Amino acid sequence: MKIPYLSFNYQHSLMKSELKDACDSIIESGWFIMGEALKKFEQEYAQLSNTSDAVGVANGLDALIISLKTLGIKEGDEIIVPSNTYIASWLAVSAVGAIPIPVEPNIKTYNLDVDRIEEKISSRTKAIMPVHLYGLPCEMDRIMEIAKKHNLFVVEDNAQAHLATYNGKITGSFGNLNATSFYPGKNLGALGDAGAITGNDTELIEKVRILRNYGSEKKYYNMVKGVNSRLDEMQAAILSVKLNYIAQLTNERKVIARKYDKELSDIEGLTLPIINDGATHVYHIYLVRTPKRDELMKHLINLGVYPFIHYPLPPHLQEAYAEFGYKKGDFPIAEEIADTCLSIPLYPGLTDAETTYVVESIKSFFE
Ligand SMILES: *Cc1c(COP(=O)(O)O)cnc(C)c1O
């Protein structure tokens, strides 16, 4: 059996004719940028996110950068970020000239260790950027409390957690502005690059709308130095189709995760994902950990099961961040996760027989 890390075959088979119709309708309309399809998707995504507004942008990294810019984050400001996140969270901070201040994750949830945030807050700190990594929400209640106490903005990085909730509230609805990505492989994915910003502060949202479109509200009249980061009509129409399936597809992810949880739970030396109190997990990534990660990975590939590593090198050890002079050992928890983590295949359409094969393949390694 051959099991890829990710396959779109099943989810696209559910909606192929609708996707084609959506593309056809955009071609027929003759309007490709900033039109009705975008307006429609923005309304639908705001509703899904339980926010007053959603603004489509070109990708998730831009969504983060534009959020920070809109909040006035600038040169020399400090932003609290996880030490173990995908590089985009850090790059967004750098892009506006601010400094990412890493905070170690909780080794069980892989999300920001809330008890370590306050010791990193200085007079220059302007915002906290919680990342709901792998599809599990951060402890947002406590993070919002800390932000309030220290007068900080919160920008959620919700790229991996569409439809996840914390204490009944959906991720992407807590912060002042929140960024998400619709990169094809995300739980809600376009057929190309796309992203969005969500929020409830209409004044901020208005600024976002202007910034993403050349700093212009009225064509050829520029109020600020904006960027070109628009979500095009084709991707918006595609996302509107996919939005109708996201609840079903998320449930299918959870069913597969439950099976992995059950079948893999008694393997000694293998750590499974947990769900912290108050959270729901949407399993963008089903991440296991073992000190024998490299050997397990080789074993699985030999059997035709293709895992992935999210992520092999934490941001502080990336060449791109050599300027900060961080070295191995500076963020040991992030490093431990990077050295021991393995993401096993989990996507809607993974059949029961395939899930069983993944389980048996993992078991045969530990036997
Ligand atoms: C994917 C991702 C992003 C960036 O999204 P793009 O659309 O690829 O720019 C940002 N943060 C996290 C946590 C992500 O997983």
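The values are calculated or read from the model by the stated rules, or taken from the named source; none is laboratory data. Keep in mind it's a predicted model, so treat the numbers as computed, not measured. Here the Cβ positions follow ideal geometry from the backbone for every residue, glycine too, while neighbour counts run over all protein chains shown. Only protein heavy atoms, including side chains, enter the accessible area calculation; ligands, DNA and RNA are left aside. Shrake-Rupley method; radii C 1.70, N 1.55, O 1.52, S 1.80 Å.
Quick one: what pairs do we get from region 1-13, first residue among the aliphatic types (A, V, I, L, M), second modelled with pLDDT of 95 or more and open to solvent by 40 Å² or more (accessible area, probe 1.4 Å), C-beta under 6 Å, 6+ apart or different chains?
1/357; 3/354
With (1) open to solvent by less than 30 Å² (accessible area, probe 1.4 Å); (2) closer than 17 Å to residue 92 by Cα as the list, and residue 215 as the residue in question, which single condition is left unmet?
Among (1) open to solvent by less than 30 Å² (accessible area, probe 1.4 Å); (2) closer than 17 Å to residue 92 by Cα, the lone unmet condition for residue 215 is (2).
Can you run down the residue pairs with Cβ atoms below 7 Å, 6 or more apart or on separate chains, where the first is in region 133-147 and touching a residue at least 12 places away in the same chain (Cβ under 8 Å) and under 14 Å from residue 274 (Cβ atoms) and the partner is small (Gly, Ala, Ser) and away from the ligand (no atom under 16 Å from the Cβ)?
Close Cβ pairs satisfying both conditions: 136/279; 137/279.
State yes or no: is residue 320 within 16 Å of the ligand (Cβ to nearest atom), open to solvent by 20 Å² or more (accessible area, probe 1.4 Å) and among the small types (Gly, Ala, Ser)?
yes
State which residue is farthest from the chain's Cα centre (by Cα) when the search covers only region 266-306 and only residues that are of a type in the set (Ser, Thr, Tyr) and open to solvent by less than 20 Å² (accessible area, probe 1.4 Å).
The selected residue is 290.
Restricting to region 1-34, give me the number of residues that are open to solvent by 60 Å² or more (accessible area, probe 1.4 Å) and either at pLDDT below 95 or of a type in the set (Phe, Trp, Tyr) (or both).
Residues that pass the stated criteria total 5.
Among residues belonging to region 80-105 that are small (Gly, Ala, Ser) and within 14 Å of the ligand (Cβ to nearest atom), point out the one that is farthest from residue 64 (Cα to Cα).
So, considering only residues that are small (Gly, Ala, Ser) and within 14 Å of the ligand (Cβ to nearest atom), the one farthest from residue 64 (Cα to Cα) is 83.
Quick check on this structure: which one of 233, 252, 263, 156 is open to solvent by less than 10 Å² (accessible area, probe 1.4 Å) and more than 16 Å from the ligand (Cβ to nearest atom)? Show your work before the answer.
Values: 252 fails: open to solvent by less than 10 Å² (accessible area, probe 1.4 Å); 263 fails: open to solvent by less than 10 Å² (accessible area, probe 1.4 Å); 156 fails: more than 16 Å from the ligand (Cβ to nearest atom).
Every option except 233 fails the conditions.
With more than 15 Å from residue 67 (Cα to Cα) and open to solvent by less than 80 Å² (accessible area, probe 1.4 Å) as the only criterion, which of 205, 238 stands out?
The unique qualifying residue is 238.
Taking the conditions exactly as written (out of contact with any helix residue (DSSP H, G or I) (no Cβ under 7 Å at 6 or more places or on another chain) and more than 16 Å from the ligand (Cβ to nearest atom)), does residue 25 satisfy them or not?
So residue 25 fails the test.
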